[in-house]
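Student: Dumping the structure here so I can ask a few things about it.
The values are calculated or read from the model by the stated rules, or taken from the named source; none is laboratory data. For clarity, every value in this text was computed on a predicted model and none was experimentally measured. Cβ: placed from backbone, ideal geometry, glycine included. Neighbour counts: every protein chain shown. For accessibility, only protein heavy atoms count, side chains too; no ligands or nucleic acids. Shrake-Rupley method; radii C 1.70, N 1.55, O 1.52, S 1.80 Å.
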Amino acid sequence: MGILNFDICALVILIILAISIMTRKLYLGRSNQLFCVMLLCIAVSTVTDLFAGMFGELIPISPDNNGIRSFINYIYFISRNITPVAYILYVISYVGVWHIYIRDRKKCIAFMIPCAVSLFLILTNPLTHLIFFFDDNCKYTRGAASPVLYIIAIGYVIASWVIMIRYKRLITKDRLFALMTQLPVSLVTVVLQLIFPWLLVEMFGSAVVVLIISTILQRGEEMLDPLSGVQSYSASLVAVRKAFETNHAINIIYISINNCQVLRTYLGMDRFNAMLKEAGLKITKTGSVYKLTSDIYYLQNGLFAVITTENDMEVIMTVANAMVDNLVKPFDVQHFKTELDCRCCIVRCPEDIDTYEGVVNFENTFNSVLPEEKRAVMLSEVINSDDFKLKSELDDVIADAIQKKKFQMYYQPIYDAKKMKFVSAEALIRLIDDKYGFVSPGLFIPAAEASGAIHQIGDYVLDAVCEFMSKCDLEKMGLEYIEINLSAAQCVETDLVYKVLTTLDKYKLSPDRINLEMTETSADFDAAMVDRNMKRLYEKGIRFSLDDYGTGYSNIKRVISLPFDLVKLDKSFVDEMDDPQMWIVIKNTVNMLHEMKKDILVEGVEEERTFNRFINLGCEYIQGYYFSRPLPPREFIKFMLEKNR
């Protein structure tokens, strides 16, 4: 039994570490999760090594138990060979160079080849006996290729050393020491166990290594903020510094609770701390709903930061607004009704702020630079000098985009509840400028309406959507039509009917392939002209949707008088559905519209719970991030083909 003592000690160390991680919640973030994977692999290896050692000590060896012995050894070798892979991934993540090694396809493939070789040798061992076998006397014997597994494992550890030495400026000396203990300890324990096979010290050495790493690197008091339950300010500084020193582009969503001081006085410290925890939880849950890869930090004084490597600004903007929406909803804190006043700003690094010091300075002046807006804003739209240039040059930017066709069309799928498939999509325009990059539709659409360029943009959208449809196999995709937004200015164009019909004829499309969307305010812009255009187009077979129903002062008489086949309920209905009084309004609205023979589309559906509630109300169509974000043409085609099989 004495030979098993080292494995037993290793298992005790690992159990204590696991309990410590769970109680201190050190499983958040990629680095912590990789450490947990490494810990799990070592634990599995230790348990299987312990069981394997029992044969001959506590359990008699016989041909009858060779099967279970083989199974235990296979699990041991697989988990043991995954351990160095988890270790190098942990090093890469902790040092902050994930984007350099793992997101590079060639480096990633080269990185995985040795692991694949070791797994191949292990999995083919029943045929080759190159790793281990039992002789005629049932004695466990290492195969000829077993040293290869150790060579590969040591190779991964040496590669980790190379990475750590190369980027040693990113980690302190004590942390560097802790990470580097893996190689010498592994070499010593492996050599000892090779010389003295009965001395099971290999797993004990691995347990000691993770204990050292956990003690020095996994410091909960440094990584987690005790008030909010998310990562701390000091952890955010480390993350930002690593990003700049490795030239890693990141985006930061800053969310400030503006009435922080008032709430502290109103709630008292205990309830205020409980409120911070609830706020941190809401931000975390929203990020999870949208599957945003990110780390969340509390920077003190009511300021949260969400650091992400997501580069789709539309996704980031959507998530940021959703986070704010969830935070500003009133909630109870220990029987006290609480309402948060939040401001949100998205910072692109290095585009908006290109130094570590600049980020720190911005965080210190955050509240003084943001406008009084409820929605999330881009920093470049608020204070950046480029923002001033963009706004002053916006008409030229739009004109250049029209001339050089810089606009891009995205499509958000729409689900038909009756047919149980995706039958349509909403066309959404995006502007990517050579100088300013992504220009928010909320910025250029109002500017285009003010300058009159909206007419040319509308023409472009109509043409681009029809051209796209003409090149698609619509039947194979299951795409029946696409919804196109009409601005208020377009609705009163005297030649609107001619433009629409001519474009459809140009691309050989039938009128039922498009559905024109109008808002309530557009419908009232010039009532006589709108009526005339709509009725003429409707007679030609083109259908209409009433967009954003419920956001304005709804004129039911207008809804009845105009040929709207579809009414789109604004996202505000979804946001307020948990309010019992609002739910009564929603149900009555749906019933009223159905009585009027209108189909209903619900916008902004992001969760299964929301989907089910509106489906049960009898709403015909659902649109939102629950199914998909707006997609570029190729991704949209792929989505439709896959989902409508």
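Student: Given a 1.4 angstrom probe, I'd like the percentage of the accessible area of the chain that is carbon and sulfur, rounded to a whole number.
Tutor: C and S atoms contribute 59 percent here.
Student: Right, here's the next one. Between Tyr460 and Asp565, what is 0.36 nm times their sequence separation minus the Cα-Cα distance? Round to one decimal in nm. Mind dumping the intermediate values first?
Tutor: Values: separation 105, 0.36 × 105 = 37.80 nm, distance 2.49 nm.
Here the segment from Tyr460 to Asp565 would lengthen by 35.3 nm.
Student: Please give the Cα centre distance for segment 430-488 versus segment 290-343, rounded to the nearest Å.
Tutor: So the separation of the two Cα centres works out to 30 Å.
Student: With all distinct Cα pairs included, what does the Kirkwood hydrodynamic radius of segment 70-205 come out to in Å, to one decimal, could you say? Let's see the in-between values first.
Tutor: On the way: mean 1/r = 0.0614 Å⁻¹.
Across segment 70-205, the inverse of the average 1/r is 16.3 Å.
Student: A follow-up question, please. Just grab the label-to-label distance for Ile432 and Ile68, each label 7 Å out from Cα along the Cβ direction, in nm (one decimal).
Tutor: Label-label distance for Ile432 and Ile68, simple model: 6.0 nm.
Student: Report the net charge of residues surrounding Asp416, where surrounding means a beta-carbon distance below 9 angstrom and charges are Lys +1, Arg +1, Asp -1, Glu -1. Kindly include the intermediate steps, with their values, before the conclusion.
Tutor: Working: positive: Lys418, Lys419, Lys421; negative: Glu480, Glu620.
Local net charge: +1.
Student: What lysines does Lys405 reach when the alpha-carbon gap must be under 25 Å and sequence neighbours fewer than 8 apart in one chain are set aside?
Tutor: Candidates past the 8-residue exclusion: Lys389, Lys391, Lys435, Lys471, Lys499, Lys506, Lys508, Lys638.
Student: To the nearest 0.05, what FRET efficiency results for Val162 and Phe331 with a Förster distance of 45 Å applied to their C-beta separation?
Tutor: Values: r = 50 Å, r/R0 = 1.11.
Here the calculated transfer efficiency is 0.35.
Student: Can you list the equivalent-ellipsoid semi-axes of segment 407-519, largest first and in whole Å, using the square root of 5 times each Cα gyration tensor eigenvalue? Spell out each step's value before the answer.
Tutor: Numbers: eigenvalues 120, 63, 36 Å².
Three semi-axes, in Å: 24, 18, 13.
Student: A further question on this structure: So how tilted is helix 66-95 from the main axis of the chain? Cα-based, degrees 0 to 90, rounded to 10.
Tutor: 60 degrees
Student: Under 19 Å from the 7 Å Cα→Cβ point of Met596, by amide nitrogen: which residues of segment 463-498?
Tutor: Counting only backbone N, you get 486.
Student: In a shell of Cβ-Cβ distance under 9 Å around Leu200, excluding Leu200 itself, what net charge do Lys and Arg (+1) and Asp and Glu (-1) give? Walk me through the numbers before you get to the answer.
Tutor: On the way: positive: none; negative: Asp7, Asp49, Glu202.
Summing Lys and Arg as +1 and Asp and Glu as -1 gives -3.
Student: List, in order, the whole-Hz ³J(HN,Hα) value for each residue of segment 626-633 obtained from phi through the Karplus relation with A = 6.51, B = -1.76, C = 1.60 and θ = phi - 60°; use x for Gly and Pro.
Tutor: 4, 9, 5, 7, x, 10, x, x
Student: Post the alpha-carbon centroid distance, segment 226-271 to segment 345-364, in whole angstrom.
Tutor: Using only Cα atoms to place each centre, the spacing works out to 14 Å.
Student: Separation between the Val188 and Leu176 pseudo-spin-labels, each 7 Å from Cα along Cα→Cβ, expressed in nm?
Tutor: Between Val188 and Leu176, the simple spin-label model gives 2.1 nm.
Student: If you roll a 1.4 Å probe over the heavy atoms of the protein chains, what accessible area per residue do you get for segment 255-338, in Å²?
Tutor: Values: 3640 Å² over 84 residues.
With the other protein chains kept in place, segment 255-338 gives 43 Å² per residue.
Student: Then there's this: What does the convex hull of the Cα atoms of segment 259-331 come to per residue, in Å³, rounded to a whole number?
Tutor: 85 Å³
Student: What is the gain in length, in nm to one decimal, between Arg609 and Ser451 on full extension, counting 0.36 nm per residue of separation less the C-alpha to C-alpha distance?
Tutor: Details: separation 158, 0.36 × 158 = 56.88 nm, distance 4.26 nm.
Value of the extension gain: 52.6 nm.
Student: If Lys and Arg each add +1 and Asp and Glu each add -1, what is the summed charge of the other residues whose beta carbon sits under 12 Å from the beta carbon of Ile42? Walk me through the numbers on the way to the answer.
Tutor: Working: positive: Arg80; negative: Asp7, Asp49, Glu202.
Residues near Ile42 contribute -2 overall.
Student: A further question on this structure: How large is the helix-only mean residue ellipticity at 222 nm for the chain, computed as the sum of -39500 (n - 2.57) over DSSP H runs with n ≥ 4, divided by its residue count, in deg cm²/dmol to the nearest 500? Display every interim value, and only then the final one.
Tutor: Details: 29 runs with 367 residues, N = 645.
Roughly -18000 deg cm²/dmol at 222 nm, from the helical runs in the chain.
Student: Sort Ile113, Ile398 from largest to smallest accessible area, using a 1.4 Å probe on the heavy atoms of the protein chains. Write out the running numbers ahead of the final one.
Tutor: Working: Ile113 95, Ile398 0 Å².
In descending accessible area the options line up as Ile113, Ile398.
Student: Rounded to the nearest 10 degrees, what's the angle between the helix 260-289 long axis and the longest principal axis of the chain, both from Cα atoms, 0 to 90?
Tutor: Computed tilt is about 80 degrees.
Student: Now for a separate question. Tell me, what HN-Hα J-couplings in whole Hz come from the Karplus equation 6.51 cos²θ - 1.76 cosθ + 1.60 at θ = phi - 60° for each residue of segment 315-322, using x for Gly and Pro?
Tutor: Coupling constants for segment 315-322: 5, 4, 4, 5, 5, 4, 5, 5 Hz.
Student: Okay, next question. If you count the DSSP beta bridges with both ends in the chain, what percent of them are antiparallel, to the nearest 5? Working shown, then result.
Tutor: On the way: 43 of 70 bridges.
Of the beta bridges lying entirely in the chain, close to 60 percent run antiparallel.
Student: Taking the chain as the reference, fit the longest principal axis to its C-alpha atoms, fit the long axis of helix 5-24 to the helix C-alpha atoms, and give the angle between the two in degrees, 0 to 90, nearest 10.
Tutor: With rounding to tens, the tilt is 20 degrees.
Student: Please enumerate, by chain and number, the aspartates and glutamates with C-alpha under 14 Å from the C-alpha of Lys168, excluding those fewer than 8 residues away in the same chain.
Tutor: Partners within reach: Glu245.
Student: Moving to a separate point now. Quick check of the Kirkwood formula: for segment 568-645, what is the inverse mean of 1/r over all pairs of different Cα atoms, in Å? Display every interim value, and only then the final one.
Tutor: Values: mean 1/r = 0.0739 Å⁻¹.
One decimal place: 13.5 Å for the Kirkwood radius.
Student: Ok, one more. Determine the alpha carbon to alpha carbon distance for each of Lys535/Lys571; Lys421/Lys476; Lys285/Lys329; Lys418/Lys568 and list only those over 20 Å. Spell out each step's value before the answer.
Tutor: Values: Lys535/Lys571 28 Å; Lys421/Lys476 13 Å; Lys285/Lys329 15 Å; Lys418/Lys568 17 Å.
Long pairs (Cα-Cα over 20 Å): Lys535/Lys571.
Student: Next question, about the same structure. Along each of the three principal axes of the Cα atoms of the chain, give the extent in whole Å, ordering the values from largest to smallest.
Tutor: Taking max minus min along each principal axis of the Cα atoms, the chain gives 96, 60, 50 Å.
Student: What Kirkwood hydrodynamic radius, in Å, does segment 137-182 give when the mean of 1/r is taken over all pairs of distinct Cα atoms and then inverted?
Tutor: Numbers: mean 1/r = 0.0782 Å⁻¹.
By the Kirkwood definition, the hydrodynamic radius is 12.8 Å.
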